[in-house]
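As structure tokens, the structure follows; a few thoughts come after it.
Each value in this text was obtained by applying a stated rule to the coordinates, not by laboratory testing. Predicted model only: the values in this text are computed from it and were never measured. Cβ sites come from the backbone with ideal geometry, for glycine too, and all protein chains shown count toward neighbours.
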Amino acid sequence: MHGVSAPNLVLVGPMGSGKSSIGRRLAERFGLVFVDADREIEARTGVSINTIFECEGEAGFRERERATLAELMNASDTVIATGGGAVLDAQTRRMLRERGFVVHLHVSVEQQLERLARDRTRPLLAGPDREGVLKRLSEAREPLYVEASHLRFDTDALTTAEAASKLGHLLDTHWRHATGIDPGAARDAGMNA
């Protein structure tokens with residue numbers, strides 16, 4: 001089976017699902033460039049995501065996110081880790097699917113709480129009721145992750161290395177790199193060199 005053809009691999013999912021850590025390993029496996037969309041926004045603005053939220057609110061941040069993702073999606077040969085709320089905009093969801101093979105990294109709220117226990121950098125988790133916030137975000141965003149993605153992958157019980165390895169094997173079947181290089185063949189050629 002030759003999967004969906006796309007020039008980029010895009011990871012969507014809630015915070016703590018492993019988009020950045022798994023994305024880096026997948027980029028290495030397939031010989032692609034890795035970009036964390038949130039870090040890219042910070043590099044372009046010169047300030048943290050927290051500061052953007054404080055100064056411009058979530059709406060201002062989402063506008064910057066939409067513009068940054070549109071630019072990133074014009075490239076090829078890239079693994080893009082999106083922010084957890086990137087799927088909120090219907091136009092962005094459509095763009096991600098058109099220019100990328102989109103994988104929804106799923107994680108339970110319980111696992112998120114464990115993985116994000118020491119994280120104090122995320123504006124949406126600044127209040128005292130982290131579990132309540134994560135549950136509300138999950139209920140609101142889960143259907144949007146499903147709508148945006150070509151493939152769902154559960155990261156709950158897996159280490160980063162296990163998740164990247166298992167997802168990499170799934171991608172060999174479900175995703176065909178649009179530049180004409182089959183990701184599995186490219187990896188195998190690299191291993192035999």
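Okay, here's what the table says:
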read-out: Single residue of L105, L124, L144, L113 found to be part of a helix (DSSP H, G or I), aliphatic (A, V, I, L, M) and crowded, with 18+ Cβ neighbours inside 10 Å; value: L144
read-out: Filter result for the condition that a residue is touching a strand residue (DSSP E or B) at 6+ places or on another chain (Cβ under 7 Å), β-branched (V, I, T) and assigned to a helix (DSSP H, G or I), over V87, V133; value: V87
read-out: All positions within the stretch 1-21 that are more than 9 Å from the chain's Cα centre (by Cα) and β-branched (V, I, T); value: V4
read-out: Conditions (1) under 27 Å from D156 (Cα atoms); (2) of a type in the set (A, V, I, L, M, F, W, C); (3) more than 17 Å from the chain's Cα centre (by Cα): number failed by C55; value: (1)
read-out: The stretch 9-57: number of residues that are within 19 Å of T179 (Cβ to Cβ), assigned to a helix (DSSP H, G or I) and touching a strand residue (DSSP E or B) at 6+ places or on another chain (Cβ under 9 Å); value: 5
